[in-house]
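Read-outs throughout are calculated quantities, based only on the coordinates presented, and are distinct from any laboratory measurement. All values reported here derive from a predicted model rather than from experimental measurement. All Cβ positions, glycine included, derive from the backbone under ideal geometry; neighbour counts span all protein chains shown.
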Amino acid sequence: AGGGHYTPKMNDLLRHREDVLLGHILASYCFTGSEEDWKRGIDEAIEATRRAYSLPSENAEEEDGGKEETRVCVYIDKKAFKSAPRQALVQYLESRGIQCAFKENDLN
């Protein structure tokens, strides 16, 4: 029930990967407003995910305790975006030091 809008790719990813935690799913229509608006939406989702999983904020100093690092990564459905908006999204995320993934193998 429900149809494709329940993000089957995310469901499959979570089902097959125990090392992936889900934060937020943002629909592509969230990126139709102004650049300032969609950037603010991304920033709020990333910070809320960090708070939910007790991850350090973006500005926190990194600890090198020898343990495996938990980090925020953005998984992007390439088919959901045309090239120019997708490139703008990737450039913004990379400028913030956020890893972008387009397929499961990118999440290493």
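Overview of values
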{"read-out": "Euclidean distance of C-alpha centroids, segment 84-99 and segment 27-54, integer Å", "value": "12 Å"}
{"read-out": "Qualifying GluC sites (Glu not before Pro) for segment 66-105 [loop in DSSP, other Cβ within 10 Å: at most 15]", "value": "E68, E69"}
{"read-out": "Summed residue charge, Cβ within 15 Å of D77's Cβ, Lys/Arg positive, Asp/Glu negative", "value": "+3"}
{"read-out": "Nonlocal amide H pairs with A101, under 5 Å, H built at 1.01 Å", "value": "V74, Y75, I76"}
{"read-out": "For H24, distant residues with modelled amide H under 5 Å away", "value": "none"}
